[in-house]
1. Filter segment 77-97 down to the residues that are modelled with pLDDT of 80 or more and in a loop (DSSP other than H, G, I, E, B), then identify the one that is farthest from GLN65 (Cα to Cα).
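The values are calculated or read from the model by the stated rules, or taken from the named source; none is laboratory data. As the structure is a prediction and not an experimental result, all values here were calculated from the model.
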Amino acid sequence: MDLRGNGTINWRNSIKGVMPFFPWEGRSYSCYPKLAFHEGQLFSSLNDTITVYSGSDWVPTSQFQQIHSGPICDFSIGGDRLFALHRNEDVLDVWETPHFFPIPLK
């Protein structure tokens, strides 16, 4: 995936083996995978893990996980902090965002 171009990306609402989690019956709130781009890095959440991809080949460089709180329903990046909201409404994780130092092209 090249984010520098004007191309499009087809995003599917379902991933094989990944089911949305509905924490409250009768509500439309669910836990789906999420992507975010911040300071040259791509953040991706899936289940209980946030993976950070960097560089021209988008290799995974960092991973954040909290196995005891259930799936991550949403995350946000503010300044140098990564905030993750879990299925359990009383759990909020806060991590320091990884710093990416691009290597200049020769």
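1. Going residue by residue through segment 77-97, those that are modelled with pLDDT of 80 or more are 77-87, 91-97.
Next, only the ones that are in a loop (DSSP other than H, G, I, E, B) stay: 79-80, 87, 91, 97.
On the way: GLY79: 20, ASP80: 18, ARG87: 14, VAL91: 13, THR97: 13 Å.
That would be GLY79.
Conditions (1) closer than 17 Å to ASN88 by Cα; (2) at pLDDT 60 or above; (3) among the hydrophobic types (A, V, I, L, M, F, W, C), marked per residue:
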position	(1), (2), (3)
ASP2	no, no, no
GLY5	no, yes, no
ILE9	no, no, yes
PRO23	yes, no, no
LYS34	no, yes, no
ASP74	yes, yes, no
